[in-house]
Amino acid sequence: MHVKKDDNVIVLTGKDKGKTGKILKSLPKKNRVLIEGINIITKHQKPTAMNQDGGIVKKEAPVHVSNVLLYCDTCAKGVRTRMKIDENTNKKVRVCVKCGYEFDKS
């Protein structure tokens, strides 16, 4: 997958097109990501031992990873990325195609 947990992404299609958010969880086997504040659904829950109240709960639903792009702060938009090997650590880092910003600096 081209995005990871805690990345800032922008949504390309759907009802939340153009919104940005932080990835809360990535589901690589299903090719989906859970984004904070994006694709909110309402779920009707029965009262249980854990949740005494029940009722209508609003929560985020997963979005397909092809519908999001990594958000570059320097370009101020969603960008494609390419892989580059860092000379110092010999590890792969994701680099913005437009401006060359490195996302995986640690």
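The values are calculated or read from the model by the stated rules, or taken from the named source; none is laboratory data. What you see is a predicted model, and the numbers here were worked out from it, not measured in a lab. A quick note on method: Cβ atoms are made from the backbone with ideal geometry, for glycine too, and the neighbour counts reach across all protein chains shown.
Restricting to region 37-91, and then to whatever is of a type in the set (G, A, S) and assigned to a strand (DSSP E or B), can you tell me which residue is modelled with the highest pLDDT?
Looking at the filtered set, the residue picked out is G78.
Mind listing whichever residues of region 46-65 are of a type in the set (G, A, S) and either touching a residue at least 40 places away in the same chain (Cβ under 8 Å) or over 16 Å from L27 (Cα atoms) (or both)?
Passing the criteria: A49, G54, G55.
So, in region 2-25, how many residues would count as being surrounded by fewer than 19 Cβ atoms within 10 Å (Cβ to Cβ) and small (G, A, S)?
Going through region 2-25 one residue at a time, the tally reaches 2.
For region 40-67, give me each residue that is of a type in the set (A, V, I, L, M) and surrounded by fewer than 10 Cβ atoms within 10 Å (Cβ to Cβ).
I41, A49, M50, I56, listed by residue number.
Report the residue count in region 3-31 for those that are touching a helix residue (DSSP H, G or I) at 6+ places or on another chain (Cβ under 7 Å) and closer than 13 Å to T81 by Cβ.
Total satisfying the criteria: 1.
Taking D104 and the conditions (1) surrounded by 12 or more Cβ atoms within 10 Å (Cβ to Cβ); (2) part of a strand (DSSP E or B); (3) of a type outside the set (V, I, T), which numbered condition does it fall short on, given that it satisfies the others?
Here D104 meets the rest and fails (2).
Just the residues that are of a type in the set (G, A, S) and under 19 Å from I38 (Cα atoms), please, taken from region 77-106.
G78
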